[in-house]
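Undergrad: Once you've had a glance at the structure underneath, I'll fire off some questions.
Just so it is clear, none of the values below were taken in a lab; they were calculated from the coordinates. Fair warning: this is a prediction, and the values are worked out from it, not measured in the lab. Cβ: placed from backbone, ideal geometry, glycine included. Neighbour counts: every protein chain shown.
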Amino acid sequence: MKRSGNTIFITGGSSGIGRALAHRWHDQGNEVIVSGRRRDALEEAVAGRDGMTFYELDVDDPVAVKTVTKGVIADHPGLNVLLNCAGISGAEDPTTARDLSRAEKIVETNLLGPIRVIDALVDHLKDQPDSAILVVSSGTGFVPYPAAATYSASKAAVHSYVVALRALLEGDAQVIEIIPPQVATDLLEGLKESPHSVPLNKFADDVMAHLNEQPEADEIVVEEVEPFRFAERDNKVREIVARMIDGD
Ligand SMILES: NC(=O)c1ccc[n+]([C@@H]2O[C@H](COP(=O)([O-])OP(=O)(O)OC[C@H]3O[C@@H](n4cnc5c(N)ncnc54)[C@H](OP(=O)(O)O)[C@@H]3O)[C@@H](O)[C@H]2O)c1
């Protein structure tokens, strides 16, 4: 994707990784539009930033996805980049019968969310020059975190969807998967305090460096997530899963 001069729409731009990338793209000379459910967090995300705008959007609401994206295209006809960053997580114990409502919500937000938003914008995007669709998956899509099995499965599914989409959109739009390691955000309780989390600003700076240095890359794989991304190739999946169960 181009370094500057893009018009970028971000789901999950109200906090964490989405907001950090939004600010960096804005600093680099892009028009940036963020979205999310929390109006106060969106107002904070655009505060003091000329030309940054926001839309309230819950990706779990398929009607809202259609109407809001129509509005975004009408207001910003030059829209050429979509970042799907909205996501939720949750710990669970899949070894015993449980209330599945959170697990079902995770699949809806993390998998159906990007499918819906891409569907709503793909026809517009493929007609734009320099268009790109970015999706935030997770290292746990490559090696599952056992205590968040549904979350990990949702991200593995997102990876699969992105691989298919990239092949089908070749020549029409670039498709980029951003694969974060554990990053210090509010996604899960304890992430901000964990010594295993990569600081948010470091992660966002590293993603921007990768995007700027390899504008044609299919995947953004920062150093900390390499063991997860390449675990299957390196025959390390069982070992890393066992380490996570032991709490290392
Ligand atoms: N932090 C990590 O360790 C890590 C690792 C791998 C992947 N990721 C992925 O990175 C992405 C961003 O997460 P984060 O770590 O930055 O956590 P975060 O700060 O909690 O951000 C999550 C974002 O998603 C939005 N969101 C959640 N549900 C939504 C819905 N139904 N509709 C629209 N927006 C929704 C939230 O906004 P509202 O609450 O305002 O709606 C928020 O902006 C997620 O996809 C996550 O799975 C994170």
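Undergrad: So how many Lys-Lys pairs in the chain land under 25 Å Cα to Cα, not counting same-chain pairs under 8 apart?
TA: 15
Undergrad: Can you list which of the DSSP-assigned H helices in the chain have a Cα extent of 15 Å or more along the long axis and an average Kyte-Doolittle score of at least -1.0?
TA: Helix filter hits for the chain: 16-27, 62-75, 113-126, 149-168, 200-213.
Undergrad: Looking at the calculated P(r) for the chain, what percent of the C-alpha pair distances fall above 25 Å?
TA: Tail of the P(r) past 25 Å holds 40 percent of the pairs.
Undergrad: Another question, then. Give the separation of the Cα centroids, segment 34-93 to segment 149-177, in Å.
TA: Each part reduced to its Cα centre gives a spacing of 20 Å.
Undergrad: Taking the Cβ of each residue in Ile106, Ile88, Ile10 as the centre, tally the other Cβ atoms inside 10 Å and list the residues starting with the fewest.
TA: In increasing order of surrounding Cβ atoms, one gets Ile88, Ile106, Ile10.
Undergrad: With just the Cα atoms of segment 1-100, tell me how far they stretch along each of the three principal axes, in Å, largest first.
TA: 51, 28, 27
Undergrad: Which order do Leu82, Leu168 fall in if you start with the one that has the fewest other Cβ atoms within 10 Å?
TA: Leu168, Leu82
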